[in-house]
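The values are calculated or read from the model by the stated rules, or taken from the named source; none is laboratory data. Since this is a predicted model, take the numbers as computed values, not measurements. Here the Cβ is made from the backbone with ideal geometry for all residues, glycine too, and neighbour counts use every protein chain on show.
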Amino acid sequence: MVNRPQAPAAPAHGSPQAPRMHGDWLARGAEGRFSLYVPRDGEVVRWTEGAGHRFTGPVGIGGGGLLPFLAVAQGPDRYVHLISLRPTATGEEAGEQHVELVHSIQYQTGRPNVEWKSIGHSNNHAEWFGNPAVAVDAQGRVHVFVRNRGGGVSARVQKDAGGWHPWWDLRGGHTDRNPVAAVTGKGLVELYTSTDRGLRRYVQHDPGAKPVAEDPVPASVVQGTLTAVTGPSGHVTLYYLDGEGRVCVWSPGRGLAPTPFAQGVGGGPLTSTRCVIDGYDCVLVAQCDPAGTTSLGAFVAEREDAGLYWTPSGPPVLGPPALTADLDGAAALAALTSDGAVVVTRQKPEQGLALAPWTRL
């Protein structure tokens with residue numbers, strides 16, 4: 001089985017007009033206000049939510065010549081952890097890009113972030129091989145994963161007493177350049193990726209331990225389309241697109257084999273979150289059609305057998321929106337338009353999945 005490569009095939013830093021972002025780049029602070037992070041002009045800029053859901057910004061929060069990629073994750077303390085890529089040198093071969101991974105933290109909404117610090121790279125020559133995924137476990141330890149030179153996965157994890165463990169080689173081959181990290185209901189980190197043989201999961205058996213690769217599960221996967229949600233059972237569920245353009249589900253913790261359950265509206269990435277709709281704990285999924293219009297679909301959490309029905313929403317955007325929920329469980333969305341602007345919307349307190357008009361920041 002040969003899986004289709006990710007689309008687009010170009011790396012995230014190939015076009016300064018199309019930054020690639022993973023995870024919670026629309027992040028809710030402990031007090032309920034949102035922060036929104038976007039890589040722009042070699043740094044990360046931030047908008048901060050104030051009264052009446054109005055955002056102020058953008059404000060630059062540094063980075064020192066970052067490439068247009070950003071991965072964001074939060075732990076139970078709601079601290080915002082930011083991971084990006086920064087060039088270090090130009091390789092001998094034409095077009096080769098040498099990079100390092102850098103990390104910063106914002107502890108409180110609207111407050112200054114911690115200085116960006118390098119955490120190195122898993123490869124000696126630090127060429128770009130993929131975009132990092134990041135997750136924060138129940139103890140607040142950051143886990144960073146990236147595809148390495150051999151096509152497998154490497155990880156770097158924070159220690160209990162500060163600092164970082166050395167890079168761990170988690171093995172594998174021909175893996176997706178955009179893996180997805182998630183945290184189970186027990187606070188353990190899992191990584192999901194696809195290979196030329198199907199889907200693969202890396203699991204922790206103890207807090208802070210080195211994740212272990214499980215055997216690949218045969219499946220047709222379009223690389224670069226993966227997204228994951230932790231459900232009410234505490235198990236992680238992966239959603240992705242297969243070679244026939246169908247949205248599929250895989251949840252090994254629930255004993256659910258790779259299964260198609262809806263037709264996609266396009267061929268690109270999916271995003272997802274949990275939110276409350278009509279009092280029900282639901283999963284919200286987003287994907288863009290070929291024109292860039294976002295379509296949204298929702299179903300009761302862990303009930304994929306009910307199917308997924310799409311509703312278009314908002315202006316054309318560069319990719320599916322960041323999805324999250326506010327303190328009451330209502331969905332919040334943010335996306336980038338083709339001219340680099342940010343648009344946001346919120347779920348209204350009405351029956352069904354009703355959204356407020358999209359607002360340009």
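Of the residues making up segment 117-141, those that are part of a strand (DSSP E or B), under 19 Å from the mean Cα position of the chain (by Cα) and within 18 Å of F69 (Cα to Cα) are A133, V134, A135. Scan segment 178-199 residue by residue and report those that are part of a loop (DSSP other than H, G, I, E, B) and crowded, with 21+ Cβ neighbours inside 10 Å. Correct list: N178, P179, L188. Only residues that are over 21 Å from S233 (Cα atoms) and of a type outside the set (K, R) were counted across segment 188-210, and they come to 8.
Residues in segment 303-343 that are closer than 14 Å to V283 by Cβ and either outside the structural domain of G231 (by TED's automatic domain parsing) or of a type in the set (S, T, Y) (or both): Y309, T324. Note on segment 142-166: among residues that are crowded, with 22+ Cβ neighbours inside 10 Å and among the small types (G, A, S), the one that is nearest to V72 (Cα to Cα) is A155.
It is to be established whether one or more residues within segment 57-65 are at pLDDT 95 or above and under 18 Å from V343 (Cβ atoms). There is at least one residue in segment 57-65 that is at pLDDT 95 or above and under 18 Å from V343 (Cβ atoms). Of all residues in segment 292-317, those being in a loop (DSSP other than H, G, I, E, B), modelled with pLDDT of 95 or more and hydrophobic (A, V, I, L, M, F, W, C) number 3.
Quick one: which residue in T225, T237, T230 is under 19 Å from A322 (Cα atoms), of a type in the set (S, T, Y) and surrounded by fewer than 21 Cβ atoms within 10 Å (Cβ to Cβ)?
T230
Remark: A73 falls outside the filter, which requires a residue to be of a type in the set (A, V, I, L, M) and either over 19 Å from the mean Cα position of the chain (by Cα) or surrounded by fewer than 14 Cβ atoms within 10 Å (Cβ to Cβ) (or both).
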